[in-house]
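One structure is given here, and the rest of the page talks about it.
The values are calculated or read from the model by the stated rules, or taken from the named source; none is laboratory data. Predicted model only: the values in this text are computed from it and were never measured. Because the Cβ atoms are built from the backbone with ideal geometry, glycine has one as well, and the counts that use them run over all protein chains shown. In case anyone asks, the SASA skips ligands and DNA or RNA and just uses the protein heavy atoms, side chains included. Shrake-Rupley method; radii C 1.70, N 1.55, O 1.52, S 1.80 Å.
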Amino acid sequence: MEKYDYRDAICEDIRTWISEHYNSTELKERLNEDYDEVFEEMNDALWVDDGVTGNASGSYYCNTWKAAEAIAHNWDLLMEALCEFGRTEDVLERGEEWADVTIRCYLLGECLNVVLNELTNNNYD
């Protein structure tokens, strides 16, 4: 089984979300005017978007098996996320989908920054 790349997947989901919600020309202008404001606005919206983090419903995949496959080789990333959020839950008790969502929320800001920088540097439309 190949290791699931959360960063690539989340960045791609963010790109898709942006293309569905924003005009790229107008967004680039807004980013040049106030990057931080746009970042915060999007971060707040994406934090509870099931198509990016799964945090609204508690599941990105709505499939425990797929969530388990995604986290299978990413336990180190899960531990980083738990430490960052100060969480002490028993991962096995909370389940695979909870763990998957935790990782996605942990990486959201980093990935959003990557995508917005690509957009401001004209690396994608």
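Rounded to 0.05, the FRET efficiency of the E37 and E2 pair, given R0 = 35 Å and the Cβ-Cβ distance, is 0.40.
Using only side-chain charges placed at the Cβ, +1 for Lys and Arg and -1 for Asp and Glu, the dipole size of the chain relative to its Cα centre rounds to 280 debye. With θ taken as phi - 60° and the Karplus curve 6.51 cos²θ - 1.76 cosθ + 1.60 applied, the whole-hertz 3J(HN,Hα) list for region 90-107 is 6, 4, 5, 6, 6, x, 5, 5, 4, 5, 4, 5, 4, 4, 4, 5, 4, 8 Hz, x standing for glycine and proline. Placing unit charges on the Cβ atoms of the charged side chains and taking the dipole of the chain about its Cα centre, the candidate lying farthest along the positive direction among N23, T88, N122 is T88. Against the empirical 2.2 N^0.38 Å (N residues), region 1-51 has a Cα radius of gyration ratio of 1.31.
Within the accessible surface of the chain, defined with a 1.4 Å probe on protein heavy atoms only, the carbon and sulfur portion equals 45 percent. The residues of the chain present an accessible area of 57 Å² per residue when probed at 1.4 Å with all protein chains retained. Projected label points at N117 and R94, each 7 Å from Cα along the beta carbon direction, are separated by 2.8 nanometres.
For the chain, the 222 nm mean residue ellipticity estimated from helices alone, with every DSSP H stretch of n ≥ 4 adding -39500 (n - 2.57) and the total spread over all residues, rounds to -23000 deg cm²/dmol. Placing a pseudo-label 7 Å from each Cα along the Cα-to-Cβ vector at N63 and A45 gives an inter-label distance of 2.7 nm.
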